[in-house]
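A.B. asks: Have a look at this one before I ask anything.
Only the coordinates and a few stated rules stand behind these numbers; no lab work does. Note that the structure is a prediction, hence the values are computed from the model and not measured. Here the Cβ positions follow ideal geometry from the backbone for every residue, glycine too, while neighbour counts run over all protein chains shown.
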Amino acid sequence: MQSLYFILAGLHIVAVVVTGALWTVIDLNHKSALRKNLRDIRAVHFGSLWLVPWFLGLAYAFDKLQVEPWQQLAFPLGLGALVFFSGIGYLFPRPEGLDPFYFWTRGWGLFFSMIGLAGAVVGMLWTAWVLIAGVAGW
């Protein structure tokens, strides 16, 4: 299971590099067609910066605490649910005049994004519980 966390950390390092390059292209070329996606690019960039230490730290903690592999799946599955359901919500038509970045604030986008967010929260709380229980020896 530790290899899954290392692979996910590696993928997010690549995402930091790619989104950093895209961001630079947009900054250097103010007429870039990518400018309309700048918020999305920055969101992925900073999200990946946040996730790299989480994955590496959790891999280390799970290894030290000898956490069962099935219990280690909660965090990546929760994040996967967030991405999956938010992606479904992104496919629905946005209400008139709503910026594409805020698709999740109204209608079906809101509905599906909240399901994904609930999955991410459950995954994070489960992971926190597993770490606390592991340290406490429960």
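A.B. asks: How do W50, W129 rank when sorted from fewest to most other Cβ atoms within 10 Å of their own Cβ?
C.D. replies: W50, W129
A.B. asks: If you don't mind, there's one more thing I want to ask. Please list, in chain and number order, the residues 5+ apart from F92 or on another chain whose amide H is under 5 Å from its amide H, with Hs placed from the backbone.
C.D. replies: So F92 has HN proximity to no qualifying residue.
A.B. asks: Rounded to two decimals, what ratio of Rg to Rh does the chain give with C-alpha atoms and a Kirkwood Rh?
C.D. replies: That ratio is 1.06, to two decimals.
A.B. asks: So how tilted is helix 107-136 from the main axis of the chain? Cα-based, degrees 0 to 90, rounded to 10.
C.D. replies: Between helix and principal axis, roughly 30 degrees.
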